[in-house]
1. Counting just the Cα atoms, what span does the chain cover along each of its three principal axes? Round to the nearest Å and put the largest first.
2. In degrees, nearest 10, range 0 to 90: what is the angle between the Cα axis of helix 147-159 and the longest Cα principal axis of the chain?
3. Pop the C-beta distance of Lys76 and Lys277 into the FRET formula with R0 = 45 Å and round what comes out to the nearest 0.05.
4. Using Cα pairs closer than 8 Å and at least 6 residues apart in sequence, work out the relative contact order for the range 134-178, in percent.
5. Tell me, what HN-Hα J-couplings in whole Hz come from the Karplus equation 6.51 cos²θ - 1.76 cosθ + 1.60 at θ = phi - 60° for each residue of the range 80-85, using x for Gly and Pro?
6. Counting only DSSP beta bridges with both residues in the chain, what percent are antiparallel, rounded to the nearest 5?
7. Which lysines, if any, have their Cα less than 24 Å from the Cα of Lys42, not counting same-chain residues under 8 positions apart?
8. What's the angle, to the nearest 10 degrees (0 to 90), between helix 197-210's Cα axis and the longest principal axis of the chain?
Amino acid sequence: MEIITDILSLHARLKKESCIAFIPTMGNLHAGHLSLAKIARKKASCVVVSIFVNRLQFSEIKDFNKYPRTFESDSKLLINENVNVLFAPHESDLFPLKQEFFVEPPLFANILEGEFRHNFFRNVATIVLKFFNLIHPQIALFGKKDYQQLKIISAMVQQLNLPIEIIAGETIRTQDGLALSSRNLYLSTDERSKATRLYQVLLEIKIQVESGSKDFQSLQNKAREILKNRGWEVDYIALHQRNTLAPAQANVQDLVVLGAARLGNTRLIDNLEISTKI
Ligand code: AMP
């Protein structure tokens, strides 16, 4: 595996590659990221993983500063997955000038995560587009763990005619159901034992809807109540349509339930796809 930190070397290394699969990450890699690398390995002759903690994605500088940076162990994990190139650019190389051009995402970027994190998806889409332009991948992989992000990037690729196939990876979880996330490291032992509750309330909604319940409002309210009663601060628990992320309707088949809630100082997100028969 080659570790590349500057754009000129990246271009020189990738110039002759005809099938590149790309996985953007912020590092602190876990089995979720590695599952994407495994899919990529089967699909392309050259697998490129980027590690870049994007300052624009953090609303508070202290969150950006404390984000776990574990470059040495990350690179070992990627070597084990036979990744060809680890691209870890310096901020000054990626942003030599103040970034004043941005990708303006569609309106569904303003709901769910977008409601709680101002300009978040504008900044995600912008950095992803920059990476696409630097790497020219034929394939790019994103996890369903960040469901709204996956949908926004898919829409960007489609609407801006980018010649890239987006592949979605399933969410990788611990045995008790907690979705793997770099932020899980922030949980105390006590919080960790409670953290799986977010998954459990989403699973309960999935089970209810798949067995025919159409009373989405009361399912959502009940889940919020359960979390609140156990000390969580809930941002949203909401049923939406999978493709458009429009609010769920009883006569629509492919739904997803998404949740975001804070346990102590740690904000966790998760979601589950739901398959209903009409
Ligand atoms: P991040 O480093 O958090 O920006 O994540 C990089 C990529 O890994 C994104 O496409 C995420 O959706 C994906 N990812 C993060 N956690 C998981 C997980 N538990 N399972 C599958 N993919 C994940």
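1. Sorted from largest, the Cα extents of the chain read 56, 41, 37 Å.
2. Computed tilt is about 50 degrees.
3. 0.45
4. 50 percent
5. Taking θ as phi minus 60°, the curve returns 4, 8, 6, 6, 8, 9 Hz for the range 80-85.
6. Working: 20 of 39 bridges.
Bridges in the chain are about 50 percent antiparallel.
7. Reachable lysines: Lys15, Lys16, Lys76, Lys144, Lys145, Lys151.
8. Once rounded, the angle reads 70 degrees.
Read-outs: derived from the displayed coordinates by stated rules, not from any lab. Here the structure is a predicted model, which is why all the values come from computation and not from measurement. Methodologically, a virtual Cβ is constructed for each residue, glycine included, from the backbone with ideal geometry; neighbour enumeration extends over all protein chains shown.
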